[in-house]
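Undergrad: I have a structure here, written as structure tokens, and I will follow up with some questions on it.
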Amino acid sequence: MKILITGSAGFIGFNLANALLKKNHLVYGIDNFDNYYSKKFKIERNKILKKFKNFKFDKIDITKKQELNKYFKNKNFEAVFHFAAQAGVLYSVKNPNKYKKVNIEGFKNLLENLKNKDIKKIYYASSSSVYGDHKKFPLKENLILKPKNIYAISKVKNEQLANKYPNKKTFICGLRFFTVYGEWGRPDMFIFKLLNSYKKNKIFLLNNSGNHYRDFTYINDVVKILIKLLHVKKFNHKVINICSSRPIKIKSIINFFIKKYNFSKIVNVKKNKIEVIKTFGSNHNINKIVKFKRYTNFYRGLNNTIKWYLNNKIFKY
């Protein structure tokens, strides 16, 4: 299958591309190597992918309309996975305009190029952030959305844009990811920030004293689900939770880490108002669609991630 992955040097894009290449799919990747976090990290991911003869990469910025138009001029794909976006909830306070430009305008540019192509399936990254704060769990896809920050708002806007996609012959699917973690993960996220503090013996600031919950979903499970989705029969625009449906209290992870590594440089700080207290999604729909049931135990996935991080001598976060 001929597949395009935008944001192929990013966390999820890289891991999916790597798995698809091993299955002998022809994978095209585009990325702009944005400096939101270390470019070196993305370059190293890309080096791994470029070892495959069936991988074709171009440095493309989806916000540059003419550049994107030129890229698509003589290309067609059977499936597209769109992961190129500005990530990070906290960063959205500092630079809200970047989320409008990359996540909204960039997605518009992509859809504009795809609408006249003979593409069977488009998958795009949404987020659990679209739900905001709720009191009833697990969170189901038909709930009213309550985005609390510009990052979440940009993802809601993506879902609205996808819902208006004019080519009704294309199966288009929004992926509401819940706190994906694992090997090659983003260094701006909780687990890697904690590991970085431990490795450098620096103070770790613990938001809300760890009294919040996240529905952590292991990257290997995410990749398996996405590959299974490639074989799902066509249906109109659909948005699906991608989650383990097993929320973990952050304080529990901290206690596990302290006990295992005797790391005590942890300072509690007040809750950040733009972050939600709890994410806990229902995975009923995705399990039914792709027949996926065996989610990785969180602490097994965490141990795999820690082992990978501590044994990796290349990167300095």
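Undergrad: Restricting to the range 208-258, give me the number of residues that are more than 24 Å from LYS168 (Cβ to Cβ) and basic (Lys, Arg).
TA: Summing the residues that are more than 24 Å from LYS168 (Cβ to Cβ) and basic (Lys, Arg) in the range 208-258 gives 5.
Undergrad: With respect to LYS238, is the statement that it is under 29 Å from ALA79 (Cα atoms), out of contact with any Leu (no Cβ under 8 Å at 6 or more places or on another chain), of a type in the set (Lys, Arg) and surrounded by fewer than 21 Cβ atoms within 10 Å (Cβ to Cβ) true?
TA: Yes; evaluated as a whole, the condition is true for this residue.
Undergrad: Answer yes or no as to whether LYS100 is basic (Lys, Arg), at pLDDT below 95 and at negative phi.
TA: Criteria not met by LYS100.
Undergrad: Considering only residues of the range 204-220 that are within 22 Å of the chain's Cα centre (by Cα) and not in a strand (DSSP E or B), which is surrounded by the fewest Cβ atoms within 10 Å (Cβ to Cβ)?
TA: ASN220
Undergrad: If a residue must be of a type in the set (Ser, Thr, Tyr) and more than 28 Å from LYS200 (Cα to Cα), how many such residues does the range 259-315 contain?
TA: 4
Undergrad: I need every pair where a residue in the range 154-176 that is on the phi < 0 side of the Ramachandran plot has its Cβ under 9 Å from the Cβ of a residue that is surrounded by fewer than 14 Cβ atoms within 10 Å (Cβ to Cβ) and aromatic (Phe, Trp, Tyr), sequence separation at least 6 or different chains.
TA: From residues that are on the phi < 0 side of the Ramachandran plot, the pairs are PHE171/PHE235; CYS173/PHE235.
Undergrad: With the checklist (1) in a loop (DSSP other than H, G, I, E, B); (2) within 24 Å of ILE5 (Cα to Cα); (3) in contact (Cβ under 8 Å) with a residue 60 or more places away in the chain; (4) of a type outside the set (Gly, Ala, Ser) in hand, flag the one item TYR123 doesn't pass.
TA: (1)
Undergrad: Just to check your reading of the model, which residue among VAL223, VAL232, VAL239 is aliphatic (A, V, I, L, M), in contact (Cβ under 8 Å) with a residue 12 or more places away in the chain, within 20 Å of PHE177 (Cα to Cα) and part of a loop (DSSP other than H, G, I, E, B)?
TA: Testing whether each residue is aliphatic (A, V, I, L, M), in contact (Cβ under 8 Å) with a residue 12 or more places away in the chain, within 20 Å of PHE177 (Cα to Cα) and part of a loop (DSSP other than H, G, I, E, B) leaves just VAL232.
Undergrad: For the range 242-313, give me every one of the helices (runs of 4 or more DSSP H) that falls completely inside it and has 2 or more residues that are basic (Lys, Arg), closer than 24 Å to HIS134 by Cα and in contact (Cβ under 8 Å) with a residue 12 or more places away in the chain.
TA: Where helices (runs of 4 or more DSSP H) fall fully within the range 242-313, none carries at least 2 residues being basic (Lys, Arg), closer than 24 Å to HIS134 by Cα and in contact (Cβ under 8 Å) with a residue 12 or more places away in the chain.
Undergrad: Within the range 1-118, which strands (runs of 3 or more DSSP E) (wholly inside it) include 2 or more residues that are touching a helix residue (DSSP H, G or I) at 6+ places or on another chain (Cβ under 7 Å), surrounded by fewer than 22 Cβ atoms within 10 Å (Cβ to Cβ) and touching a residue at least 12 places away in the same chain (Cβ under 8 Å)?
TA: In the range 1-118, the matching strands (runs of 3 or more DSSP E) lie at 55-59.
Undergrad: List pairs: first in the range 188-217 and on the phi < 0 side of the Ramachandran plot, second of a type in the set (Lys, Arg), Cβ under 6 Å, 6+ apart or cross-chain?
TA: ILE203/LYS265; TYR213/LYS249; TYR213/LYS278
Undergrad: Looking at the range 303-315 only, could you name the residues that are at pLDDT below 95 and of a type in the set (Ser, Thr, Tyr)?
TA: TYR309
Undergrad: Just one of (1) modelled with pLDDT of 95 or more; (2) surrounded by 14 or more Cβ atoms within 10 Å (Cβ to Cβ); (3) at negative phi; (4) within 21 Å of the chain's Cα centre (by Cα) trips up ARG300, so point out which.
TA: Going through (1) modelled with pLDDT of 95 or more; (2) surrounded by 14 or more Cβ atoms within 10 Å (Cβ to Cβ); (3) at negative phi; (4) within 21 Å of the chain's Cα centre (by Cα) one by one, ARG300 breaks only (2).
Undergrad: Would the range 272-281 turn up any residue that is among the β-branched types (Val, Ile, Thr), surrounded by fewer than 15 Cβ atoms within 10 Å (Cβ to Cβ) and modelled with pLDDT of 90 or more?
TA: Yes.
Undergrad: How many of the residues in the range 126-136 are part of a helix (DSSP H, G or I), more than 12 Å from the chain's Cα centre (by Cα) and either surrounded by fewer than 24 Cβ atoms within 10 Å (Cβ to Cβ) or hydroxyl-bearing (Ser, Thr, Tyr) (or both)?
TA: Of the residues in that region, 1 qualify.
The values are calculated or read from the model by the stated rules, or taken from the named source; none is laboratory data. All of these numbers come straight from a predicted model, not from anything done at the bench. All Cβ positions, even for glycine, are placed from backbone atoms using ideal geometry, and neighbour counts span all protein chains on display.
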